[in-house]
Amino acid sequence: MKKTMLLSSLTAIGLSFALTACSSSSDGALKKQASETWDSAAKTVEMAGKDTGSAISSGAKNTGDYIDDSAITADVKGKLLGTKGISSNNVSVKTVNGVVYLSGFVQSADQIDKITQVASRVNGVKSVQNGLVLAN
């Protein structure tokens, strides 16, 4: 049940990025950006699905785990907002069993590296799965 909810949430995030891209681009660029958004969302959903399935099948249904994941997500988002040189408005952060999933659009490869580094330094983060895409 939780796996389905997570996958639905991540799909909705991807679709919202696609709709945002549609409202701000020309037709050719719009199609490319929407396609990249969908690919990024699909990649993130696939990664989250695998890890969520493993967590559920291994018995990690503990309420404390979910609270910890929410705290990690909040901490990562807060640190991204407070870091100069990062535009985190188009970055989505989800945490499942200590694994942080990043998706969305950024302006440069340097931002991708910086966002990944910031997320990986947060207490409780086991690993970071990067689904960030360079915006046109």
May I ask which of K32/K84; K79/K126; K84/K126 have a Cα-Cα span longer than 26 Å here?
K32/K84
What percent does the relative contact order of the stretch 93-136 come to when contacts are Cα pairs within less than 8 Å and at least six residues apart?
51
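Read-outs throughout are calculated quantities, based only on the coordinates presented, and are distinct from any laboratory measurement. This is a predicted model, so every value here is computed, not measured.
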